[in-house]
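One structure is given below, encoded as structure tokens.
Throughout, read-outs are computed from the coordinates displayed, never taken from laboratory work. None of the values given here were measured: they were computed from a predicted structure. Virtual Cβ from ideal backbone geometry, glycine too; neighbours counted across all protein chains shown.
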Amino acid sequence: MHTRDKRLTRALGYLLRKPVKALKAIHRDRFQTRYWQELVCGTYDMPDGLPVTDILDLLGGLDETVQPYAFLEASATVTDIALLKALARRCAHGCSYLEVGRWRGESLMNVAAVARSCVSVSLSAQQMRQAGFSDSMIAQDGFFLRNGATGRSTDHITCIDADTQTFDFSTLGRRFDLIFIDGDHHSEAVARDTRSLLPLLRDENSVMVWHDYAQSPEKPRWAVLAGILQGMPAAEHRHLYHVSNTLCALYTRTPLHAATQRFAVTPRTEFSVRIQARKLHAAPPRGETS
């Protein structure tokens with residue numbers, strides 16, 4: 001059965017089983033941006049989204065090389081990955097990193113270059129297929145763990161195939177200095193991941209980062225913000241920030257200077273970008289042999 005037909009069949013089945021809930025969801029999705037924006041404004045009094053902290057104030061400077069990077073659909077931005085790498089680098093004892101949502105593995109391989117240990121939790125191929133992912137999308141999973149990182153050891157990277165919505169993170173038996181949430185971006189899923197992962201932060205200096213908090217570096221993505229706020233205890237909301245020039249939200253107990261931001265933003269930072277590229281000799285997709 002074609003992927004589109006599978007999705008239609010599942011949607012119709014859900015509509016027949018739970019018509020009221022399904023119709024509410026359809027209405028909510030139809031007016032999604034307005035729905036979540038009104039929820040955030042009315043419930044949490046954040047009409048402008050999270051306060052914005054300047055990336056240079058946070059990091060004290062930025063000089064990172066982002067490699068590998070594909071410049072393809074659904075990738076984190078260059079500044080998103082540079083942020084993660086810089087946060088991992090500043091852990092004096094060597095960063096222990098947890099990432100939810102692997103995709104091609106760009107952020108994972110970049111952080112792994114400076115971290116002591118990395119754990120990635122992402123859907124298995126079977127789970128992705130059941131969720132309606134195309135074969136070409138499934139083939140991208142962990143691409144840069146197989147390609148484009150010649151000479152880099154991956155011995156300190158542990159990849160776990162699991163659905164974070166049901167996975168018992170306590171089975172990992174460890175805590176982390178840096179946690180990156182980039183899985184299911186629906187509000188309920190973001191809230192559940194947030195609640196599950198918050199107890200896994202190592203100490204007061206540990207940091208949690210959410211990708212796609214913003215739809216652009218200047219505009220919040222209201223559904224993701226709602227999920228973050230719903231998943232975080234209310235007392236911790238004051239420790240949440242949007243990192244300037246990125247799509248990322250940040251949780252840190254370290255006090256940061258921050259201010260509200262409204263579109264359009266006057267640049268405060270100038271970046272220098274150098275681009276180099278090389279051909280890849282791609283390894284076969286997961287589960288296939290050459």
ARG116-HIS186 pseudo-label distance in nm [points 7 Å out on the Cα-to-Cβ vector]:
3.8
Can you list residues from other chains, or at least 5 along the same chain, whose modelled amide H is less than 5 Å from the amide H of SER120?
GLU99, THR158, CYS159, ILE160
For ALA234 paired with THR154, estimate the spin-label separation in nm (one decimal), with each label point 7 Å from Cα along the Cα-to-Cβ line.
4.5
Subtracting the Cα-Cα distance from 0.36 nm times the residue separation, let me have the gained length for ARG274 to ALA131 in nm, one decimal.
47.7 nm
With contacts defined as alpha carbon pairs under 8 Å and 6 or more residues apart, what's the relative contact order of the range 112-251 in percent?
21
Using the C-alpha atoms of the range 201-259, what convex hull volume per residue, in cubic angstrom, is computed?
86
Mean Cβ neighbour count within 10 Å, used as a protection proxy, ranking 36-46, 264-274, 172-182 highest first:
172-182, 36-46, 264-274
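Short version: what are the Cα gyration tensor semi-axes of the range 168-243, square root of 5 times each eigenvalue, largest first, in whole Å?
The answer is 21, 14, 12 Å, longest axis first.
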